[in-house]
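K.L.:
Okay, here's the structure, questions in a sec.
The values are calculated or read from the model by the stated rules, or taken from the named source; none is laboratory data. Only a predicted model underlies this, so the values are computations on that prediction, with no experimental measurement involved. Every residue, glycine as well, gets a Cβ built from its backbone with ideal geometry; the counts of neighbours run over all protein chains shown. Protein only, heavy atoms only, side chains kept; ligands, DNA and RNA dropped before computing areas. Shrake-Rupley method; radii C 1.70, N 1.55, O 1.52, S 1.80 Å.
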Amino acid sequence: MQVPFTSKLPLVGTTIFTVMSQLATEYGAVNLGQGFPDFNMSEDLIELANKAMQEGNNQYAHMHGLSALRTAIAEKSTVMYGTEICAENEITVTPGATYAIYTALTTVLKKGDEVIVFEPAYDCYIPTIELNGAVPVLISLQYPHYSIPWEEVKAKINSRTRMIMINSPHNPTGAVLSEADMQELSALVANTNIIILSDEVYEHLIFDGYQHQSILRYPELLSRSFVCFSFGKTYHCTGWKLGYCIAPAYLMKEFRKIHQYNCFSCDTPKQVALAAYLQNKEVYLLLGGFLQQKRDYLRELMKKTPFTCIPSHGSYFECYSYGDYSQESDKLLAIKLTKEYGIAGIPISVFYKNGIDHKVLRFCFAKKEETLQKAVSKLYSL
Ligand code: PMP
Ligand code: GLN
């Protein structure tokens, strides 16, 4: 028997990351789809977590996050962006950035509120907006550079606009926002009640000498923002599912009201370990160079295939267009490459609500060189 039940997300299926990872496993394909490293995280960090458990740090941590970790995050924010963040009132440790995004949107949104979202959009944004009864107002980034059309943003702002979501370095495209973009944003929101949600999980994974334009560099913007981060990406431990949110005290107070009844507090031993490991600044400062080498390695290999690179300047990902080679839909091509050629990627059309298909696939280069080599060699027979 089933009781009458109406889905809150009738049009939502299973996330593409799970779909493609399952398909890759089923067909034994090299998985350059879902974004996770195939090399192990730091042994030192593992040891710190083990030690924390052995030393008895195994009970609930503070609801806002372990105090030492919040202090370390505040220090890192000053090192990186020259901003003083209050560890007591402006930082909350969360079980990953997805949770931080969910909580921030839920803190703010009421029925009928509009949220400006740029597409291609990371998969959790639109469902979370809709779950809160709010309305995503979709704006396409300008293909092929995936830049923000600021005139269109201006035209779409109205009295119902409650939030604007940004994401730099951007998933799935690897585009990064410039200082000029941040000035455009500042000018547009000045004298409005618009709140910003900035997804900065790839803050350290930035290449080619670009500087990450964190909201934390812009006090005016920060005073109306939730900024979301992920330790999974910074320390190659996506399975740890730990991150944090930074927001001014008046917004963070409300965020915590929801957080306290949702997960309440996060994994204690890992917070102890991260608090210690964050002291080692080189680790996060050298990360961009490390991933840039991998991006370059993939790019070089891809030159021998029919794919054309759409340059990524940050994140774990680079997009490749195949429109000159085939007019097959990106979803079908992604499935065919996985099943018949043994390499899994992610079709970009799934990040557009109306499925715009520019014939582009995303590949994750956060992999060992041998993995990238093996994966791309599968494309040589295309
Ligand atoms: N935002 C973006 C843009 C991402 O790529 C990801 C995936 N790491 C997340 C948020 C979620 O991060 P987490 O795994 O910490 O929930
Ligand atoms: N952020 C990762 C990606 O873009 C996936 C995370 C997830 O599977 N939800 O591939």
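K.L.:
For the stretch 63-77, name all the residues that are part of a loop (DSSP other than H, G, I, E, B) and surrounded by fewer than 18 Cβ atoms within 10 Å (Cβ to Cβ).
P.N.:
Selection gives 63 alone.
K.L.:
Restricting attention to the stretch 8-33, report how many residues are in a loop (DSSP other than H, G, I, E, B), at pLDDT below 95 and under 28 Å from residue 335 (Cα atoms).
P.N.:
In the first step, residues of the stretch 8-33 are kept if they are in a loop (DSSP other than H, G, I, E, B); the result is 8-15, 28-29, 32-33.
Imposing the further condition that a residue be at pLDDT below 95 reduces the set to 8-15.
Among the residues that remain, those that are also under 28 Å from residue 335 (Cα atoms) are: 9-15.
Result for the stretch 8-33: 7.
K.L.:
For the stretch 286-295, what are the residues that are exposed (fewer than 14 other Cβ atoms within 10 Å of the Cβ) and not in a loop (DSSP other than H, G, I, E, B)? Write out each step before concluding.
P.N.:
Taking the stretch 286-295 first, the residues exposed (fewer than 14 other Cβ atoms within 10 Å of the Cβ) are 286, 289-290, 293.
Listed by number, the residues that qualify are 289, 290, 293.
K.L.:
Another question, if that's okay. Can you say whether residue 66 is modelled with pLDDT under 95 and more than 16 Å from ligand 2 (Cβ to nearest atom), as far as the supplied structure shows?
P.N.:
Working: modelled with pLDDT under 95: no; more than 16 Å from ligand 2 (Cβ to nearest atom): yes.
No; evaluated as a whole, the condition is false for this residue.
K.L.:
Under 7 Å by Cβ, and 6 or more places apart or on different chains, what pairs join a residue from the stretch 353-381 that is free of Cβ contacts under 8 Å to residues at least 12 places away in the same chain with one that is of a type outside the set (Lys, Arg)?
P.N.:
355/349
K.L.:
Please count how many residues of the stretch 307-329 are touching a Leu at 6+ places or on another chain (Cβ under 9 Å), open to solvent by less than 10 Å² (accessible area, probe 1.4 Å) and not hydrophobic (A, V, I, L, M, F, W, C).
P.N.:
Counting residues in the stretch 307-329 that are touching a Leu at 6+ places or on another chain (Cβ under 9 Å), open to solvent by less than 10 Å² (accessible area, probe 1.4 Å) and not hydrophobic (A, V, I, L, M, F, W, C) gives 6.
K.L.:
Shifting gears a bit: Just wondering, is there one or more residues in the stretch 262-285 that are buried (at least 22 other Cβ atoms within 10 Å of the Cβ), in contact with a strand residue (DSSP E or B) (Cβ under 8 Å, 6 or more places away or on another chain) and free of Cβ contacts under 8 Å to residues at least 40 places away in the same chain?
P.N.:
Among the residues of the stretch 262-285, not one is buried (at least 22 other Cβ atoms within 10 Å of the Cβ), in contact with a strand residue (DSSP E or B) (Cβ under 8 Å, 6 or more places away or on another chain) and free of Cβ contacts under 8 Å to residues at least 40 places away in the same chain, which makes the answer no.
K.L.:
I'd like the residue in the stretch 2-31 that is open to solvent by 30 Å² or more (accessible area, probe 1.4 Å) and of a type in the set (Phe, Trp, Tyr) and, out of all such residues, is nearest to residue 127 (Cα to Cα).
P.N.:
Applying the filter and picking the extreme gives 5.
K.L.:
May I ask you to verify whether residue 80 is assigned to a helix (DSSP H, G or I) and buried (at least 20 other Cβ atoms within 10 Å of the Cβ)? Spell out the reasoning first.
P.N.:
Numbers: assigned to a helix (DSSP H, G or I): yes; buried (at least 20 other Cβ atoms within 10 Å of the Cβ): no.
Answer is no for this residue.
K.L.:
Restricting the first residue to the stretch 230-241 and requiring it to be near ligand 1 (Cβ under 9 Å from one of its atoms), which pairs with a second residue that is basic (Lys, Arg) meet a Cβ separation below 7 Å and a spacing of at least six or different chains?
P.N.:
Short answer, once both residue conditions are applied: 232/241; 240/270.
K.L.:
Determine whether residue 60 is crowded, with 16+ Cβ neighbours inside 10 Å and either in contact (Cβ under 8 Å) with a residue 40 or more places away in the chain or of a type in the set (Phe, Trp, Tyr) (or both).
P.N.:
Here the answer is no, as residue 60 does not meet what is asked.
K.L.:
Being of a type in the set (Lys, Arg), over 30 Å from residue 308 (Cα atoms) and free of Cβ contacts under 8 Å to residues at least 40 places away in the same chain, is that true of even one residue in the stretch 107-125? Working first, answer last.
P.N.:
Filtering the stretch 107-125 for residues of a type in the set (Lys, Arg) gives 110-111.
Filter again for over 30 Å from residue 308 (Cα atoms), leaving 110-111.
From what's left, free of Cβ contacts under 8 Å to residues at least 40 places away in the same chain: 111.
Yes.
K.L.:
I've got another one for you. Read through the list (1) under 22 Å from residue 324 (Cα atoms); (2) free of Cβ contacts under 8 Å to residues at least 12 places away in the same chain, then give the number of the only condition that residue 350 fails.
P.N.:
Single failed check for residue 350: (2).
K.L.:
Which of the residues spanning the stretch 126-154 are of a type in the set (D, E, K, R) and surrounded by 15 or more Cβ atoms within 10 Å (Cβ to Cβ)? Explain how you work it out, then say what you get.
P.N.:
The first filter runs over the stretch 126-154 and keeps only residues of a type in the set (D, E, K, R), leaving 130, 151-152, 154.
Result: 130, single match.
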